[in-house]
């Protein structure tokens, strides 16, 4: 069994299912590869599906009326995306999904997933746990964005990353432009604040590697 299938069979989405049942589901999925910066789904699309990342990662973002980007999340190997939209049956996708690196992705439509959920109730139960975890994540992000000062946003974000990675030294999934978009702040102002925080001994960093003290 290759590493990709080992990852799939061990994934929380398929917890409690037999390998033979997972195989039946996989046979119905569509697999596609994407180059770095290639669009997976675009805002406004009516045809989209739930994505399961086998390799690489994707950026989920939104654009406002003036074209300003806000990054919702960056998702990596083993994570899924667009599941909430697929189940809600929104007519037009409200986000852009772009390959952040060369990526390999499996797709299943919302209707297909529901059909399998009826056949394998544990599958739907697992999805509910995943959706609940993502709701917690979005609540944490709203807490970050609710901060008025750039420094407070940065500290809240870095604290969340340290807790998730269980280390005071960690990597973040963003470059400076992407971090500014994620925090909804000006890129130059963000860089200036990071420099001040480093000078004050609060943090240290190199590119996407951070240390908090």
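For this structure, a couple of remarks:
- Straightening the chain between residue 122 and residue 69 buys 15.4 nm, computed as 0.36 nm per residue apart minus the Cα-Cα spacing.
- For residue 104 and residue 165, the FRET efficiency from 1/(1 + (r/R0)^6), where r spans their Cβ atoms and R0 equals 22 Å, is about 0.35.
- The chain: angle of helix 150-165 to the longest principal axis, Cα-based, in degrees nearest 10: 50
- With Cα atoms defining each centre, the range 158-213 and the range 45-108 are spaced 24 Å apart in the structure.
- Cα long-axis angle, helix 187-199 against the chain (0 to 90 degrees, to the nearest 10): 60
- Virtual spin-label span in nm between residue 87 and residue 206, 7 Å along Cα→Cβ: 4.3
- Percent RCO, i.e. relative contact order, over the chain, from Cα pairs under 8 Å lying at least 6 residues apart: 21
- Cα pair distances exceeding 14 angstrom across the range 104-172, given as percent: 72
Computed from the coordinates by the stated procedures, all read-outs in this text should not be read as laboratory data. Note that the coordinates shown come from a computational prediction; the quantities given were computed from them, not determined experimentally. Note that we place each Cβ from the backbone using ideal geometry, even for glycine, and neighbour counts take in every protein chain shown.
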